[in-house]
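Visitor: Here it is, the structure in full.
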Amino acid sequence: MLANFIKKGLTEKGYKVSIAYDGRTGKNLALEQDFDLVILDAMLPIFNGFEVCKFIKGHHKTVPVLMLTALVSISDKVEGFGSGADDYLTKPFHFDELIARIKALTRNQKATIKSKIYIIDNLILDTSKKSVSRDGKEIFLTTKEYSLLKLLMINRDTILSRAHIAESVWGSNFSGETNIIDVYINYLRAKIDKGFSKKLIHTVVGMGYVLKD
């Protein structure tokens, strides 16, 4: 109820908001999308907010994280800031104060953030422009293709199982056939590897896929 209340208020202020009701979904969203700010409750199912915060900061160091929680002790705040949080607001709170803190955090972020660019061989993915190119030629990808490629590039040289890919790109509620992963890998190969002697997307039989030079 509180998450929906915050979303309604922020949407009315012109913000675009995504909600994750548990820590696992929150981790997936952090990999799939580029956020200007993350608001985290500490007491989340599956993975708590402190764990999610560490995960987010491990992948997107420049994204500001605001902990919004009923945990008010000094030790809780110390744990929150220790996990990488940029600000800590306790419940109950005034919505105007939440807005003020969001503005301060995003203002600071915009002043310092740099585009996150992933480069493997001559393949380049620019997260700020959401653009992909190889050997200087722009490659146009669908939203899911982009999310899949970004996941592979973030985890370069790491074998990702079909289950992990499905959960990260399609979400924890993914219920489709796992061969959809193979289909999208083939889509990517047609756009990323076709025409190049060096192939970057590799199949590891019985295990999954890996992107490596």
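The values are calculated or read from the model by the stated rules, or taken from the named source; none is laboratory data. Remember, predicted model here, so these are calculated numbers, not experimental data. Don't worry about glycine lacking a Cβ; one is built from the backbone with ideal geometry, like all the others, and counts go over all protein chains shown.
Visitor: Within the stretch 114-132, is there a residue that is surrounded by 14 or more Cβ atoms within 10 Å (Cβ to Cβ), at pLDDT below 95 and assigned to a helix (DSSP H, G or I)?
Guide: The answer is no, given that none of the residues of the stretch 114-132 is surrounded by 14 or more Cβ atoms within 10 Å (Cβ to Cβ), at pLDDT below 95 and assigned to a helix (DSSP H, G or I).
Visitor: Among the residues in the stretch 171-190, are any at pLDDT below 95, aromatic (Phe, Trp, Tyr) and more than 24 Å from residue 117 (Cα to Cα)?
Guide: Yes: the stretch 171-190 contains one or more residues that are at pLDDT below 95, aromatic (Phe, Trp, Tyr) and more than 24 Å from residue 117 (Cα to Cα).
Visitor: What are the pairs, 6+ residues apart or on separate chains, where a residue within the stretch 129-149 that is farther than 21 Å from residue 167 by Cα has its Cβ under 9 Å from a residue that is exposed (fewer than 11 other Cβ atoms within 10 Å of the Cβ) and acidic (Asp, Glu)?
Guide: 131/138; 132/138
Visitor: Output the qualifying pairs, or none if there are none: Cβ atoms under 8 angstrom, residues six or more apart or on different chains, first residue in the stretch 25-50 and touching a residue at least 12 places away in the same chain (Cβ under 8 Å) and surrounded by fewer than 17 Cβ atoms within 10 Å (Cβ to Cβ), second residue aromatic (Phe, Trp, Tyr) and part of a loop (DSSP other than H, G, I, E, B).
Guide: 45/21
Visitor: When you check residue 83 against the structure, is it closer than 30 Å to residue 201 by Cα and either crowded, with 18+ Cβ neighbours inside 10 Å or assigned by TED's automatic domain parsing to the domain that holds residue 199 (or both), yes or no? Spell out the reasoning first.
Guide: On the way: closer than 30 Å to residue 201 by Cα: no; either crowded, with 18+ Cβ neighbours inside 10 Å or assigned by TED's automatic domain parsing to the domain that holds residue 199 (or both): yes.
When the stated conditions are applied, residue 83 does not pass them.
Visitor: Does residue 50 qualify as being of a type in the set (Phe, Trp, Tyr) and in contact with an Asp or Glu (Cβ under 8 Å, 6 or more places away or on another chain)? First the steps, then the outcome.
Guide: Values: of a type in the set (Phe, Trp, Tyr): yes; in contact with an Asp or Glu (Cβ under 8 Å, 6 or more places away or on another chain): yes.
Yes, satisfied.
Visitor: So, residue 36, is that one part of a loop (DSSP other than H, G, I, E, B) and under 18 Å from residue 10 (Cα atoms) or not? It would help to see each step written out before you state the result.
Guide: On the way: part of a loop (DSSP other than H, G, I, E, B): yes; under 18 Å from residue 10 (Cα atoms): yes.
So residue 36 fits the description; yes.
Visitor: If you go through the stretch 56-70 one residue at a time, how many are buried (at least 16 other Cβ atoms within 10 Å of the Cβ) and at pLDDT below 90?
Guide: Just the residues of the stretch 56-70 that are buried (at least 16 other Cβ atoms within 10 Å of the Cβ), to begin with: 56-57, 60, 63-69.
Those still in the list that are at pLDDT below 90 too: 56-57, 60, 63.
Total meeting the criteria: 4.
Visitor: Tell me the residue from 71, 98 that is out of contact with any Ser or Thr (no Cβ under 7 Å at 6 or more places or on another chain), in a loop (DSSP other than H, G, I, E, B) and either farther than 30 Å from residue 142 by Cα or free of Cβ contacts under 8 Å to residues at least 24 places away in the same chain (or both), please. Steps first, answer last, please.
Guide: On the way: 98 fails: in a loop (DSSP other than H, G, I, E, B).
Checking each option against the conditions leaves just 71.
Visitor: Filtering the stretch 180-206 down to residues that are among the aliphatic types (A, V, I, L, M) and loosely packed, with under 12 Cβ neighbours inside 10 Å, which residue is nearest to the chain's Cα centre (by Cα)? Don't jump to the end; show me each part of the working.
Guide: Residues of the stretch 180-206 that are among the aliphatic types (A, V, I, L, M), as a first pass: 180-181, 183, 185, 188, 190, 192, 200-201, 204-205.
With the extra rule that they be loosely packed, with under 12 Cβ neighbours inside 10 Å, the set shrinks to 183, 190, 204-205.
On the way: 183: 23, 190: 25, 204: 25, 205: 27 Å.
Among residues in the stretch 180-206 that are among the aliphatic types (A, V, I, L, M) and loosely packed, with under 12 Cβ neighbours inside 10 Å, the one nearest to the chain's Cα centre (by Cα) is 183.
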